[in-house]
Amino acid sequence: SFPDRVTIYEVGPRDGLQNESAIVPVEVKAEFVHRLAAAGLPIVEATSFVHPKWVPQLADAEELLTFLDLADASVPLPVLVPNERGLDRALAAGCTHVAIFGSATETFAQKNLNSTLDGQYAMFEPVVKRALEAGLDVRAYVSMCFGDPWEGEVPIDQVVDAGRRLLDMGATQLSLGDTIGVGTAAHVGALIDAFGAAGVGVDRLAMHFHDTYGQALANAHAALRHGITTFDASAGGLGGCPYAESATGNLATEDLVWMLTGLGIEHGVDLNALVATSVWMAGQLGRPSPSAVVRALG
Ligand code: HMG
Ligand code: MG
């Protein structure tokens with residue numbers, strides 16, 4: 001059986017844009033976020049307070065948030081923070097929702113965070129502690145949950161260990177990232193089951209699929225069957241991680257919405273408004289959306 005209702009956690013403005021080499025004007029990013037919220041997305045990850053040299057596209061994070069007026073925003077607009085410097089910036093900007101992002105593998109911790117796998121926990125611990133003290137909501141990502149471009153297939157218990165350590169710091173939700181999109185449906189089920197056996201129920205998990213191998217929607221279907229009710233997705237299928245070889249676009253929000261509607265699962269998103277937003281964004285970026293649903297309806 002399937003859940004009656006699913007929460008779509010929109011990551012287009014952050015995961016979708018972070019890999020774009022041509023800098024998108026801040027006004028365009030602000031309009032993107034506004035249009036996504038207006039289309040019914042209940043939460044929209046807006047940007048990252050990471051080092052601007054590491055992700056130049058998101059160097060305008062402070063400026064973007066002044067355009068977005070967090071106090072007035074109709075939906076939560078979480079931001080990524082890797083360290084205390086990032087949290088300071090997020091607090092100064094008035095953020096109410098932050099997300100830390102750990103790795104399940106040694107190599108990606110080094111490539112993405114310039115840290116060892118163990119060192120990432122020391123980096124995140126004061127971030128989570130201070131964020132919770134300040135009354136913020138904290139989400140945790142764990143990347144490379146299925147495979148890693150340098151280390152190959154990632155053992156399930158290694159992922160569960162990393163995820164539990166991040167959750168145990170006090171995060172409310174753990175998003176399991178298939179950063180390079182190599183996962184397949186049976187592996188998805190086995191990972192969710194392993195978290196369950198380790199005491200982490202589906203109510204605390206979200207799934208974050210990339211569509212590199214065309215498996216994102218099949219994987220989302222498998223996760224639904226296992227009771228997952230939060231899915232990360234990116235409008236128009238934008239996305240990729242600049243520090244993960246071969247990572248391409250995220251699961252397209254439109255593709256997910258189409259499947260959920262067909263299954264009779266509530267999601268609250270206006271598909272026409274969403275497609276119009278992705279068509280507009282594709283025009284801004286100068287190339288068509290890779291989403292099959294955007295192509296069919298746009
Ligand atoms: P580092 O170079 O080791 O940083 O980078 P550091 O702590 O040694 O500091 C060096 C300098 O950077 C210092 O300045 C710091 O103040 C400054 P100086 O004293 O030399 O003038 N600094 C900062 N400035 C602004 N904001 C900050 C910040 N931190 C330090 N937050 C660091 C370490 C973690 C900062 C770096 O590796 C980084 O920014 N990494 C982010 C990479 C990233 O954003 N990747 C993409 C997101 S993850 C993803 O996409 C996966 C996900 O989608 C899920 C999935 O698909 O699996 C979430
Ligand atoms: Mg991602």
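The values are calculated or read from the model by the stated rules, or taken from the named source; none is laboratory data. Keep in mind that this is a model prediction, so the values were computed, not measured. Using ideal geometry, Cβ is built from the backbone for each residue, glycine included, and neighbour counts are taken over all protein chains shown.
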Which number in (1) away from ligand 1 (no atom under 16 Å from the Cβ); (2) out of contact with any Gly (no Cβ under 8 Å at 6 or more places or on another chain) marks the one condition that residue 243 misses?
(1)
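Looking at the structure I just gave you, is residue 117 away from ligand 1 (no atom under 12 Å from the Cβ), under 17 Å from the mean Cα position of the chain (by Cα), buried (at least 16 other Cβ atoms within 10 Å of the Cβ) and not basic (Lys, Arg)?
No.
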Quick one: which helices (runs of 4 or more DSSP H) sit completely within the range 1-114 and have at least 3 residues that are modelled with pLDDT of 95 or more and among the aliphatic types (A, V, I, L, M)?
26-38, 61-68, 84-92
Please specify each residue of the range 105-129 satisfying the condition of being touching a residue at least 12 places away in the same chain (Cβ under 8 Å), more than 16 Å from ligand 2 (Cβ to nearest atom) and either over 17 Å from residue 50 (Cα atoms) or in contact with a Phe, Trp or Tyr (Cβ under 7 Å, 6 or more places away or on another chain) (or both).
106, 107, 117, 129
Only one of these is basic (Lys, Arg) and either surrounded by fewer than 16 Cβ atoms within 10 Å (Cβ to Cβ) or more than 20 Å from residue 173 (Cβ to Cβ) (or both): 5, 14. Name it.
5
Take the residues in the range 247-278 that are within 18 Å of the chain's Cα centre (by Cα) and assigned to a loop (DSSP other than H, G, I, E, B), then tell me which one is nearest to residue 175 (Cα to Cα).
251
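Take the conditions free of Cβ contacts under 8 Å to residues at least 24 places away in the same chain and outside any helix (DSSP H, G or I) and apply them to residue 287. Does it pass? Show your work before the answer.
Working: free of Cβ contacts under 8 Å to residues at least 24 places away in the same chain: yes; outside any helix (DSSP H, G or I): yes.
The answer is yes for residue 287.
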How many of the residues making up the range 53-97 are within 16 Å of ligand 2 (Cβ to nearest atom) and β-branched (Val, Ile, Thr)?
3
